1. Ranking request for peptides 46-53, 29-36: highest mean number of other beta-carbon atoms within 10 Å first, then the rest in descending order.
2. Give me Rg over Rh for region 29-126, both radii from the alpha carbons and Rh done the Kirkwood way, two decimal places.
3. For Lys123, give me every one of the aspartates and glutamates with a C-alpha distance below 15 angstrom, ignoring sequence neighbours fewer than eight places off in its own chain.
4. Which length gain, in nm to one decimal place, applies between His13 and Glu80 when the Cα-Cα distance is subtracted from 0.36 nm times their residue separation?
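The numbers here are math on the coordinates, done by the rules we state, and not lab data. Keep in mind the model is a prediction, meaning the values are calculated, not measured. For neighbour counting, all protein chains shown are included, and Cβ atoms are generated from backbone atoms with ideal geometry for every residue, glycine included.
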Amino acid sequence: MTRPFFSKDRISHFDIFENLAENALNQAKAGLQEGCPADFQDTVGRFTLDSVTEFLFGKSVRSLSAGLVYPKNWVPGRNEEYTNHPSNVFAYAFLEAQSQAAFRGRFGSFWHLAEFCRDRIWKEMEVCHRFIDPILKDALEMNDKKPTTRCTQEGSTCGYVARTSR
């Protein structure tokens, strides 16, 4: 399924990666100039999320627009706007869902017994779906229209899946 997206002409989309890398590095540089330590793992994670969604779906989720993570005891890190940014809410919910899935894995096929009263992942998955579903909905709607956007052209995985899955 992914073979058409790694052809020679698709590799020419380095401008997506260059712009996002430059943005991430500039944010890390600005944080370091403030005297704040840079969380490299978070920076790379946001870069990856933005570049993958732009490259494969034709629409970036713009997680780098939230700014980079500050330590908890750092005053700018206590900014409510940063904490409630949609990409940060998604990242936290995704991390929690992964942790709960790992917890389920310890119980094997008996995990239902550990969650008899409530589903531990449901709340986090609702947050993830609110973040992801609009991207998929846009791709399916654009597939029904004349291909004028990147997501419905031959070049994106999202457009390809939308065309072949209906």
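1. Taking the mean over residues of other Cβ atoms within 10 Å, the ranking is 46-53, 29-36.
2. Dividing the radius of gyration by the Kirkwood radius yields 1.07.
3. Counting by Cα, and skipping residues close in sequence, Lys123 has these aspartates and glutamates nearby: Glu96, Glu115.
4. Between His13 and Glu80, full extension yields 20.6 nm more.
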